[in-house]
1. Of everything in the stretch 587-603, what is modelled with pLDDT under 80 and in a strand (DSSP E or B)? Give them in sequence order.
2. Given the criterion in contact with an Asp or Glu (Cβ under 9 Å, 6 or more places away or on another chain) and at pLDDT below 80, identify the matching residue among 503, 512.
3. Has the stretch 378-388 got at least one residue that is surrounded by 19 or more Cβ atoms within 10 Å (Cβ to Cβ), at pLDDT 95 or above and not in a helix (DSSP H, G or I)?
4. Conditions: (1) more than 27 Å from residue 382 (Cβ to Cβ); (2) crowded, with 17+ Cβ neighbours inside 10 Å. Residue 340 meets all but one. Number of the miss?
5. Please find, within the stretch 803-835, the residue that is modelled with the lowest pLDDT out of those that are hydroxyl-bearing (Ser, Thr, Tyr) and in a loop (DSSP other than H, G, I, E, B).
6. For the stretch 178-200, how many residues are over 11 Å from residue 147 (Cα atoms) and either assigned to a strand (DSSP E or B) or out of contact with any Ser or Thr (no Cβ under 7 Å at 6 or more places or on another chain) (or both)?
7. For the stretch 60-67, state whether one or more residues are touching a residue at least 60 places away in the same chain (Cβ under 8 Å), assigned by TED's automatic domain parsing to the domain that holds residue 128 and at positive phi.
Amino acid sequence: MINTNQSQFFTLMKESLSGNSLAQWEGGKPYCNFTGVGCDDQGYVVKIDVTGWLLSGHFPPDVCFYLPKLRVLRLGDNYFKGNIPGSIVNCTFLEELNMSRLNQPGTLPDFSPLKFLRILDMSTNNYTGNFPMSITNLSNLEVLNFNENEGFYLWQLPENISRLTKLKSMVLATCMVTGPIPATIGDMTSLVDLELSGNYLSGPIPREIGLLKNLRLLELYYNQLAGNIPEEIGNLTELRDLDVSVNRLTGKIPESICRLPNLQVLQFYNNSLSGEIPGPLPSYICEGGKLLYFLVLQNMFSGKLPDSYTKCESLIRFRVSNNRLEGSIPEGLLNLPHVSIIDLSNNNFTGPLANTIENPRNLSELFIQGNRISGVIPPSISRATNLVKIDLSYNLLSGPIPSEIGNLRKINLLLLQGNKLSSSIPSSLSSLRSLNVLDLSNNLLTGSIPESLSELLPNSINFSNNLLSGPIPLSLIKGGLVESFSGNPGLCVSVNVNSSDKNFRICPQPYNRKKINSIWVIGISVALIVLGAVLFLKRRFSQQRAAIEHDESMSSSFFSYEVKSFHRISFDQREVIEAMVDKNIVGHGGSGTVYKIELSSGDVVAVKRLWSRKTKDTASEDQLFLDKELKTEVETLGSIRHINIVKLYCCFSSLDCSLLVYEYMPNGNLWDALHKGWTLLDWPTRHQIALGIAQGLAYLHHDLLRPIIHRDIKSTNILLDRDYQPKVADFGIAKVLQARGGKESTTTVIAGTYGYLAPEYAYSSKATTKCDVYSFGVVLMELITGKKPVEPEFGESKNITYWVSNKVDTKEGAMEVLDNRLSGSFKDEMIQVLRIAIRCTYKAPARRPTMKEVVQSLIDAASCRFDSCKSSNKTKETPNVTKIKNQFDL
């Protein structure tokens, strides 16, 4: 009878569920030998583990009837339909129940019958109704995880939570907890991991937490906790990670906390803490190589920065911005060997920067803006070869911009505005191929703008309010950057690019110069005719031999490529390689050149050629970075399929270079469509683009076993096909999350682009899908307003999210942010989408919607329009895009 019942269960499983992994249960094997199944000595099934099998369908509701001795049930990372079977609590021998990452709806049953349960993981689901307080009856519980369940009614931690004396891990982050943290939590002395972040907790942090002698991780960030930080936390000698950021805490940081011997992460940012930063740090914290993160930004700390911090060589992130600190920056702080972020911005620091910067090999972000730093920018800053972002704006720096900055090949943000920098703009800046933002405005710079800077065309450039003279490079004007040169009376334009713009005079061209040029032209023409005749005769004799050598060379080059294909497309690889000539170049990126290639089959493809390894000015570590970026992009795009994700056809790689062959997008990228003035997208088209991006991101976040975080969503990474359907592109720094409930992926790599970067990503090492949601919200604001993420009108160091949030307090202000070039008939719908954008860019990640919710909200926002279109019997066949004949007319 036992065998019959248990056999029936596996028959039911195969009938009600589908998935390739179930093939492992075929072949006539005894079910006790099935993969993921365990039996005891008497033949009872005691374990079912189908984690990550990607099964879909309905899980059999009467599992406990068929498997009465079941002890372990692991169902996470599947696609089951319907609600959790309430009968699951009839498995009274259960010791482990894992239903994480199922996105299950519905309410939860009374768990009280599960007296033997040790592990309960229900994280990342969509449960609704009341939180199951019955868990307080599970006295044997060791792991409790309800992370990311935002559908519960608001609920409070009960006093009797302390009954769970065996509990080692309690993860209740982002699951609607409100009210105070009960003092009885101090009785749960087995706790090692306590995570209550992203909720609505209020009141003080109970000093009884100091009794949790085994605690290693304490996360209370993104709540509404108030009062002082208890001195008793300094008793937690096993503590590794303390994060109480983004609360309403006041008072000083207890010195006892800084003496904790095993502390690695210390995060207090976005509170109202005051007093001097405790110091000096005890030497044993630094010598033991323990402290990794020191984040106390956005408080009210005063006094000087202790010199002892320069000895803390284990530090990875050091952020003390937006306080009231003063004095000089300690010598050696910029030379910490492992630090990736140093943020000293918006304080009252004075004195010069260190004259000698040795070799901070991991430093990627340096923020010292908004202080009173004087002296010169040290040329030795070029030794920090991994720098990605530099902001030294609004200080008292003087002297020249060191040409050595051109050696920082990874830099994408360089802000030096608001100083007293003099001399000329170094032409070496044209070597910064990854540059997105360059601001040298409001200085005393002289001389001409180097023509070589035309090669960069960053997303944002600003040379205004200096003493520059001479012609503005034409390509910079064509890029729609005319306003970035205002306040320089000596600048001129070589041609009249816009008759309505009287800001710049036409550069003078004296008659003698024309005459001399004419003589040169005639002389050179005669010489070329003679030379051409000689070469023609020579070519006739060697043509056949040259053709043979060319064939051999191309054949050799072709056969040296390793080819990986991901989609069916008919073309000869040799055809692609031969077509990679200058006339087919359509763009340059930070890592290579992009070609548009028309194949003999009639298909058109885009080919990205990554910079050659043999380029003499490319350092080996840069090449390792590009190799990693290539591998990430190929592995990511090669494994996913979605209409709104750009299609990667294949990859060629050799010792000389690597080629990525994509589908070609004839309408370029969204940045150009919105900001270059070549087209004017109407609102229905913009809404279509927004919805498509959202659907692509929802697929990455919610429809894959291992969710993918893009980490660099911006309008230049959104490509547009012939019908203006969007495709998310550039996965070079994407992050694939491990399929494990409750824990978020961490990284020390700095990702993202200025203006689009979620605020918490700069503070924390946690990579989450909510970072992409924030960046999408910024793109949505671009679509609604027609403005760039960073504009001078927003104010110093302010972006579009700040500008929008200050405008929408009134209905009139909300109307002001809408792109006034669009039809007024869509304003109500645009306001609804603006609300979505504001939700996406909330400061607290827990308050941001998921991309699935964003998709539904965007569909709802347009429902009235679609209904009216239907009732009037009109169908939208093609996007209404106004082409601008002269791209400067706007």
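1. 587, 588, 592
2. On the way: 512 fails: in contact with an Asp or Glu (Cβ under 9 Å, 6 or more places away or on another chain).
Of 503, 512, the one residue that is in contact with an Asp or Glu (Cβ under 9 Å, 6 or more places away or on another chain) and at pLDDT below 80 is 503.
3. Checked the stretch 378-388: no residue is surrounded by 19 or more Cβ atoms within 10 Å (Cβ to Cβ), at pLDDT 95 or above and not in a helix (DSSP H, G or I).
4. The single condition residue 340 does not satisfy is (1).
5. The initial filter retains those residues of the stretch 803-835 that are hydroxyl-bearing (Ser, Thr, Tyr), namely 805, 810, 823, 825.
With the extra rule that they be in a loop (DSSP other than H, G, I, E, B), the set shrinks to 810, 823.
Numbers: 810: 69, 823: 77.
So the residue we want is 810.
6. Step one: list which residues in the stretch 178-200 are over 11 Å from residue 147 (Cα atoms), which gives 178-194, 200.
Within this subset, residues satisfying the condition of being either assigned to a strand (DSSP E or B) or out of contact with any Ser or Thr (no Cβ under 7 Å at 6 or more places or on another chain) (or both) are 178-179, 181-183, 186, 189, 191, 193-194, 200.
Adding up the residues that qualify gives 11.
7. First, pick out the residues of the stretch 60-67 that are touching a residue at least 60 places away in the same chain (Cβ under 8 Å): 65-67.
Keeping just the survivors that are assigned by TED's automatic domain parsing to the domain that holds residue 128 gives 65-67.
Restricting the remaining residues to those that are at positive phi gives none.
Scanning the stretch 60-67 turns up no residue that is touching a residue at least 60 places away in the same chain (Cβ under 8 Å), assigned by TED's automatic domain parsing to the domain that holds residue 128 and at positive phi.
Rundown of residues vs (1) surrounded by 14 or more Cβ atoms within 10 Å (Cβ to Cβ); (2) in contact with a helix residue (DSSP H, G or I) (Cβ under 9 Å, 6 or more places away or on another chain); (3) on the phi < 0 side of the Ramachandran plot, yes/no style:
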{"site": "6", "(1), (2), (3)": "yes, yes, yes"}
{"site": "10", "(1), (2), (3)": "yes, yes, yes"}
{"site": "13", "(1), (2), (3)": "yes, yes, yes"}
{"site": "17", "(1), (2), (3)": "yes, no, yes"}
{"site": "22", "(1), (2), (3)": "yes, yes, yes"}
{"site": "25", "(1), (2), (3)": "yes, yes, yes"}
{"site": "28", "(1), (2), (3)": "no, no, no"}
{"site": "34", "(1), (2), (3)": "yes, yes, yes"}
{"site": "37", "(1), (2), (3)": "yes, yes, yes"}
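The values are calculated or read from the model by the stated rules, or taken from the named source; none is laboratory data. Small disclaimer: the values here were computed from a predicted structure and weren't measured. Positions of Cβ are backbone-derived with ideal geometry, glycine not excepted, and every protein chain shown enters the neighbour counts.
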